[in-house]
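The values are calculated or read from the model by the stated rules, or taken from the named source; none is laboratory data. If you're wondering where the values come from, they're calculated on a predicted model, not measured in any experiment. Positions of Cβ are backbone-derived with ideal geometry, glycine not excepted, and every protein chain shown enters the neighbour counts. Heads up: the accessible areas ignore ligands, DNA and RNA and are worked out on the full protein's heavy atoms, side chains in. Shrake-Rupley method; radii C 1.70, N 1.55, O 1.52, S 1.80 Å.
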Amino acid sequence: MSGNDFKQKIRFVAYHFPHKDQKMDFQFYCKSRVPLTKRATTVYETVEVYEKIFFPHIQTCLVRISPERVPLRSLINIHNQDGIKDIYQIIDFTTKIKKGEDIVKPSGLPNIMLARLRSKDYLVFDGHHSLLSYMAAGRIFLDEIPHLIVSGNKGFLNNTDILVFWGPHAPKISPKKWKNFTVNWQNPIERQLCLRKQRDMGELFDALGEKIQQEMPHPGN
């Protein structure tokens, strides 16, 4: 097996968690190298293997936050406004965040998961409700929230890797045209694949902002 063949059989999963005692100057960080076994061929399966095998044993380190901070509004969404199914979950999460809690899975794994793209952008493939909640709670930058970043051996995922996020509709999408589409799992299957309306999480948050504010509990209620 050549060195190049070996490199093609791994992905990297980076764990990021804000270190609250340092006023966001530092964050807990650990980057794990996950082999692409038969159980970890897609990005989703890579995360499953990471959660079961790697995450319980990670040893985090404190790293200083880069001055080149990533705005949450710049992250790329895979759902339009009508694909966000539960405003009340966003309200509940926002309330918890404002009380000092973080939104994580029972294992402690962050809900928010991102794919690192060749363009150096980030695609949100899981955790839209959680991310919108952090935005509603006033968080601005990526280093202010718990998240995972999945990348390939070259530092990014290829377009063909990320088509899995569109599920059974992936064969309908040209790898070079994926930014034109979102998905709405609440629709009947023939209408789940949608043309993109909101270009990023900023536009998605703006589209939902009024509804979120209307449902937020007010002091004294």
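Numbers for the structure displayed
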{"quantity": "The chain - Rg over Rh from alpha carbon coordinates, Kirkwood radius", "calculated": "0.97"}
{"quantity": "Overall form of the stretch 9-124 per C-alpha gyration tensor (a/c, 1.5; a/b vs b/c)", "calculated": "rounded"}
{"quantity": "With DNA, RNA and ligands ignored, accessible area of ILE140 (1.4 Å probe; Å², nearest 10)", "calculated": "100"}
{"quantity": "About the Cα centre, charge dipole magnitude for the chain (Lys/Arg +1, Asp/Glu -1 at Cβ), debye", "calculated": "780"}
{"quantity": "Kirkwood-Stokes translational diffusion coefficient of the stretch 110-221, alpha-carbon pairs, 20 °C, 1.002 mPa s, µm²/s", "calculated": "137"}
{"quantity": "Calculated P(r) of the stretch 101-175 - Cα pairs past 20 Å, %", "calculated": "39"}
